[in-house]
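Comments concern the structure below.
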Amino acid sequence: MNHLIVYAHPFEDSFNHAILENAISSLESKGHSVVVRDLYALGFNPVLCPLDFKELRSGNTPDDIETEQAYIKNADAITLIYPLWWTGMPAILKGYIDRVFAYGFAYQYTKEGTVEGLLSDKKALMITTQGTPNAYYDASGMTKSLKQTTDEGIFGFCGAKTLDHLFFGGISTSDDAMRKEMLKTVQLTLKELF
């Protein structure tokens, strides 16, 4: 299976990076081909600008967008790994979705005016870390809202099937034992899903 990981955290010594390394080794140990697009390391431009719109509408996809779309086309599964900042994904990842999941590539409208997802052959997994404990977000309804906006609002809209969305809360106050358990959850989830 071809697995694309889109990773969005600026620090190599972060827990997100430990999740990334764990995911890569777990998938490769099962014989999967893994490609990682580390958006910060790539210096990916997240700004969807007027020129992008003009080029995309005329059928001239900008090179950096076309490169990322080629990785998505080749993937059977897409995993996003990112921290939650101000109840949303980092701007660099949101910008990646804004620019790469473009009309005519990730979705289109039918003659009847309904949405047709063009990534229906893809499976998706999201792994999100957050400083706030999960119990707080669960009780406030925020976890449900986050799943609706990402799982359904992005991947579901584009026809992809979200297999799971892991939320690891309380990262800033977690100890080594707790983090090891979280990494074990990542490993077991990947083994079960893929």
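The helices (runs of 4 or more DSSP H) falling completely within the range 42-113 that include 1 or more residues that are within 19 Å of PRO10 (Cβ to Cβ), among the β-branched types (Val, Ile, Thr) and in contact with a Phe, Trp or Tyr (Cβ under 8 Å, 6 or more places away or on another chain) map to 91-100. Contact annotation: residue pairs with Cβ atoms under 6 Å, 6 or more positions apart or on different chains, pairing a residue in the range 157-178 that is in a helix (DSSP H, G or I) with a partner that is of a type outside the set (D, E, K, R) and crowded, with 17+ Cβ neighbours inside 10 Å, are ILE171/PHE15; ILE171/THR129.
Residue pairs whose Cβ atoms lie under 9 Å apart, separated by 6 or more positions or on different chains, with the first residue in the range 87-104 and closer than 16 Å to LEU51 by Cβ and the second surrounded by 19 or more Cβ atoms within 10 Å (Cβ to Cβ) and of a type in the set (D, E, K, R), are ARG99/GLU68; VAL100/GLU68.
Among residues of the range 99-121 being touching a Gly at 6+ places or on another chain (Cβ under 8 Å) and surrounded by 20 or more Cβ atoms within 10 Å (Cβ to Cβ), the one that is farthest from LYS161 (Cα to Cα) is ALA106. Here GLU28 fulfils each of the conditions (1) exposed (fewer than 13 other Cβ atoms within 10 Å of the Cβ); (2) in contact (Cβ under 8 Å) with a residue 24 or more places away in the chain apart from (2). Taking the stated definitions as given, is ASP121 assigned to a strand (DSSP E or B) and either under 29 Å from ALA41 (Cβ atoms) or at pLDDT below 95 (or both)? In short, no.
Looking at the structure I just gave you, is THR185 more than 17 Å from TYR7 (Cα to Cα), touching a residue at least 24 places away in the same chain (Cβ under 8 Å), surrounded by 13 or more Cβ atoms within 10 Å (Cβ to Cβ) and not hydrophobic (A, V, I, L, M, F, W, C)? Taking the combined requirement at face value, the residue does not satisfy it.
The values are calculated or read from the model by the stated rules, or taken from the named source; none is laboratory data. It should be emphasised that the depicted structure is a prediction, and the values quoted were computed from it without experimental measurement. Cβ atoms come from the backbone with ideal geometry, glycine included; neighbour counts cover every protein chain shown.
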